[in-house]
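Chemist: Got a structure for you, questions after.
The values are calculated or read from the model by the stated rules, or taken from the named source; none is laboratory data. Since this is a predicted model, take the numbers as computed values, not measurements. Every residue, glycine as well, gets a Cβ built from its backbone with ideal geometry; the counts of neighbours run over all protein chains shown.
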Amino acid sequence: MIVPPVSRRRRGALGLLAAALLTAGCAGSPTTAASATGSSASADVAASSSPATTSSGTGQNPAGGSGGTTGSPAFLAQALSAAQQMSSVRGEITVQAGDAGAEKQVASGTFTGSQAGGRMQALSSDLTIAAKSQEVTIKMLYVDGKAYVGGDALLKELKIDKPWLEITSQSDNPQIAALGQQLESMRQGVGAEQIEKMQQAMVSSTEIGPEDVDGTPTTHYQVVIDIRKSLEALGSAAPSIPAGADIPDTIPTDLWLDAQGRMIKTQVEQQASGQRLVTTVHALAYDEPIDITAPDPAEVSTG
């Protein structure tokens, strides 16, 4: 998972959807909240993001790699192989803000995805995001090559009178078009495509060592991601960066892999307007039977 620098201010349900898209990427690739929401969100971008200092651990790398490496290390190759073989994933996501030891949860939710041929075919996510006195639940769905969003507050703001809105980057509405682009980059941030793009954008990696994640033995790594290379890896799905936006060159991402190379947890810590943000994605289960279906066409607005 690669989490982008975030905007300082978000207004209304569209602004909260930007936060959802940025964190749901299980997530995602470096973008700005402003690029996801057009005029509904601030174009201000937090500029600071300081990589954590790490050192090589003494535990065994399940892929045979070592700490402090550059290039594409063996553990990412093993993670890619594991991701290509998975049929589904189910997990949860949380975003916390505040100083260490005094964090406040500002977003949480769940996601499920199904994959075939190393590509995510369907993805469903429900996220609840809190901002000041406002708390909004937003649903996101990708299935049969189409993307949808739902949620009462969001659809009310967009003046949509049906339960779902189909999102496409070709929409005449610039806000909807930007959301369509962002949803596609979110889809590419899950499963095997996530690892492929991480390999293309990685600057360096460090093995920290063995750790237990909720009863699962894992090995903890940190990779440093070049934001602009990550955007290049997304190709046409990459959202544009607003002119003059000051973004960090790199963002460190922590990964916890099990003995099979599967991602059990990812975590990113960054600074936004002097505030510490920590985004965590935890995979709870792989290869379960899941059924993600498209909404009834009668319940879908095309905007």
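Chemist: Tell me, yes or no, whether the stretch 158-166 has at least one residue that is closer than 30 Å to Asp214 by Cα, surrounded by fewer than 17 Cβ atoms within 10 Å (Cβ to Cβ) and touching a residue at least 12 places away in the same chain (Cβ under 8 Å).
Modeler: Taking the stretch 158-166 and keeping what is closer than 30 Å to Asp214 by Cα, we get none.
No, every residue in the stretch 158-166 fails to be closer than 30 Å to Asp214 by Cα, surrounded by fewer than 17 Cβ atoms within 10 Å (Cβ to Cβ) and touching a residue at least 12 places away in the same chain (Cβ under 8 Å).
Chemist: Right, another one. Go through the stretch 116-135 and count every residue that is more than 27 Å from Ser205 (Cα to Cα) and touching a residue at least 24 places away in the same chain (Cβ under 8 Å).
Modeler: Narrowing the stretch 116-135 to residues more than 27 Å from Ser205 (Cα to Cα): 116-117, 121-135.
In the following step, the residues that additionally are touching a residue at least 24 places away in the same chain (Cβ under 8 Å) were identified as 116, 122-125, 127, 129-131, 134.
Result for the stretch 116-135: 10.
Chemist: Of everything in the stretch 254-279, what is modelled with pLDDT of 90 or more and either part of a strand (DSSP E or B) or among the hydroxyl-bearing types (Ser, Thr, Tyr) (or both)? Give them in sequence order.
Modeler: Taking the stretch 254-279 first, the residues modelled with pLDDT of 90 or more are 254-267.
Across the stretch 254-279, the qualifying residues are Asp254, Leu255, Trp256, Leu257, Met263, Ile264, Lys265, Thr266, Gln267.
Chemist: While we're looking at this one, here's another question. Looking at the stretch 73-87 only, could you name the residues that are buried (at least 21 other Cβ atoms within 10 Å of the Cβ) and of a type outside the set (A, V, I, L, M)?
Modeler: Answer for the stretch 73-87, where residues must be buried (at least 21 other Cβ atoms within 10 Å of the Cβ) and of a type outside the set (A, V, I, L, M): Pro73, Phe75, Gln78.
Chemist: In the stretch 193-246, what residues are at pLDDT below 80 and either acidic (Asp, Glu) or under 19 Å from Leu80 (Cα atoms) (or both)?
Modeler: Glu193, Gln194, Lys197, Ser230, Glu232, Ala233, Leu234, Asp246
Chemist: So Leu141 ticks every box in (1) closer than 17 Å to Thr293 by Cα; (2) over 22 Å from the mean Cα position of the chain (by Cα) but one. Which box is left unticked?
Modeler: (2)
Chemist: From the list Gln194, Gln222, which residue is closer than 15 Å to Ile264 by Cα and buried (at least 23 other Cβ atoms within 10 Å of the Cβ)? First the steps, then the outcome.
Modeler: Working: Gln222 fails: buried (at least 23 other Cβ atoms within 10 Å of the Cβ).
The match here is Gln194.
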